[in-house]
Structures are given as C-alpha cells and as structure tokens.
Amino acid sequence: MAPPENTKDTPVSEELLLKISKEIIIKFIEVGRVTPATFGESFTNIHNSIRKSAQR
C-alpha cells in the first residue's frame, strides 16, 4: 500500500468544511450544548473555527 500523499498544501473544499461543521453541531445538539435559539451563532462560530484551522 502506497503511503498517503502530502496533503498539507491541498486546499479543503467548502463542501468538506460544511460537512465537518454539520457533524460537530449535530453532536453538540445531541449533548445539549446547542439549542435552536443558539444554533445560528454556534454554527457560524464552529464553521469559522474549522475554516481557520484548515487554512493553517
């Protein structure tokens, strides 16, 4: 099996960022950390944090 390619410089698609954000927000909803009233702000914060991390 070939070793994985160096993906450090590979850009991350917006679709992948949204999927990751969605999975995290779902987990937060399941454990009660996010409510419908705080969903918009929480999702935006999570998505922006993931985007910034992916750009590093």
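Once you place label points 7 Å from the Cα toward the Cβ at ALA37 and LYS19, how far apart are they in nm?
With each label placed 7 Å out from Cα toward Cβ, I get 3.4 nm.
Using θ = phi - 60° and the Karplus curve 6.51 cos²θ - 1.76 cosθ + 1.60, what whole-Hz ³J(HN,Hα) does each residue of segment 18-31 get, with Gly and Pro shown as x?
5, 5, 5, 4, 4, 4, 5, 5, 4, 4, 5, 5, 4, 8
For VAL34, what residues show an amide H to amide H distance below 5 Å, using hydrogens built from the backbone and excluding near sequence neighbours?
The answer is ILE29.
In nanometres, what is the gap between the two model label sites at THR10 and GLU30, each 7 Å from Cα along Cα-to-Cβ?
Computed distance between label sites THR10 and GLU30 equals 2.6 nm.
Along its three principal axes, how long is segment 14-55 when you only count alpha carbons? Whole Å, largest extent first please.
Per principal axis, max minus min of the Cα coordinates gives 29, 15, 14 Å.
Values in this text are rule-based calculations from the coordinates and carry no lab data. If you're wondering where the values come from, they're calculated on a predicted model, not measured in any experiment. Methodologically, a virtual Cβ is constructed for each residue, glycine included, from the backbone with ideal geometry; neighbour enumeration extends over all protein chains shown.
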